[in-house]
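Values in this text are rule-based calculations from the coordinates and carry no lab data. On a predicted model such as this, the values are computed, not experimentally measured, just so you know. Glycine also receives a Cβ, built like all others from the backbone with ideal geometry; neighbour counts cover every protein chain displayed.
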Amino acid sequence: MLDLDGLILDMDGVLWRGPEPMAGLTSFFDTLERLAMPFVLATNNSTGSAEQYTLKLAQMGVQVPPEQILTSASATADYLLEGGEPGAPVYVIGEEALQTTLQSRGFRLTADGARFVVVGLDRGLTYEKLATAMRLIANGARFIGTNPDRTLPTPDGFRPGAGTMLAAVSAASGVEPAIVGKPQPPMIRQALRVLGTAPARTAMVGDRLDTDILAGKNAGTRTILLLSGVTRREQVDGSAVQPDWILADIRALGAALSQDAA
């Protein structure tokens, strides 16, 4: 049915919903191990590190090393390195995970002579941070966004996401950011390099048409929409973004992969 060599898996809405693991989570990863199916986990969230996600998964009974986890923070750091700017000064609007990830790649976090302004979700956003970002971009710093998600789902409903911070900096500076996370292709291309698989033989698996599925389309991969997250079946029919396959959840995905291997 699927005939794939590798998977790029979103996390929230695919592997878990909030703090709760999806039904069949451990069995799904057992299936991937049994089939020797390579995978990378990829999330637009820049507020958690790969190591933190490894710990969260371990608490759910699943072992995934940090090397198989891409966050928009780590993808942004790698994106800057790919641009040939190791050790460059970077001004960050973002939280601890984004800051420490950039530092771990050798970047200097400072507004003094910053070559880049990197913006992610920042629940401590202030007027002064916006003013500093505006000034640096006007002076020639490149404006980089970790991900464009305007809202963030929480147990209390939706709250402003990284895209809201990007919109504020863009409105102030008059400059649009280069986006690293989904639906833009840089993160997916990084995942493909980790997997070592061809795009046409790899599937992006997610629960959002406008980020996960569109990212796969933009990077040339196959796409699998799971209906375990935010997207309902009836929303797909009227969407310009159409996945290659639609499945209920990771249990259905595991079953389809096992059927292919039979």
### Task
Sequence neighbours fewer than 8 away in the same chain don't count; with that in mind, list the lysines whose C-alpha is under 17 Å from residue 217.
182
### Summary
So residue 193 and residue 52, fully extended at 0.36 nm per residue minus their Cα-Cα distance, gain in nm 48.5 nm
## Note on the structure
Highest mean packing first, using Cβ neighbours within 10 angstrom, the peptides 69-79, 244-254 sort as 69-79, 244-254
### Task
Please express the Cα-Cα pair-distance distribution P(r) of region 1-103 as a list of whole percents, one per 10 Å bin, running from 0 to the bin with the greatest distance.
14, 42, 28, 14, 2
### Query
Any number yet on Rg/Rh for region 84-179, C-alpha, Kirkwood?
0.97
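Packing-wise, with mean Cβ within 10 Å as the measure, how do 52-61, 143-152, 10-19, 223-232 rank, highest first?
143-152, 223-232, 10-19, 52-61
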### Message
Please report, ordered by residue number, every helix of the chain (full DSSP H runs) that is 30 Å or longer along its axis going by C-alpha atoms and whose mean Kyte-Doolittle hydropathy reaches -1.0.
### Response
none
#### Entry: Debye log10 I(q)/I(0) for region 136-262, one point scatterer per Cα, at q = 0.10, 0.13 Å⁻¹
-0.40, -0.64
### Modelled FRET efficiency - R0 25 Å, residue 112 with residue 82, Cβ distances, 0.05 increments
0.55
### Message
I need the calculated FRET efficiency for the pair residue 1 and residue 218, taking r as the beta carbon distance and R₀ as 25 Å, to the nearest 0.05.
### Response
0.55
### Task
Just order 202-215, 34-47 by mean Cβ neighbour count inside 10 Å, highest at the front, would you?
202-215, 34-47
### Query
What relative contact order, as a whole-number percentage, does the chain give when Cα pairs under 8 Å and 6 or more residues apart are counted?
22
## Note on the structure
Gyration tensor (Cα only) of the chain to equivalent ellipsoid, semi-axes in Å sorted down, yields 32, 19, 17
### Message
Only four residue types carry charge here, +1 at the Cβ of Lys and Arg and -1 at the Cβ of Asp and Glu. Report the dipole size of region 1-75 about the Cα centre in Debye, rounded to the nearest 20.
### Response
160
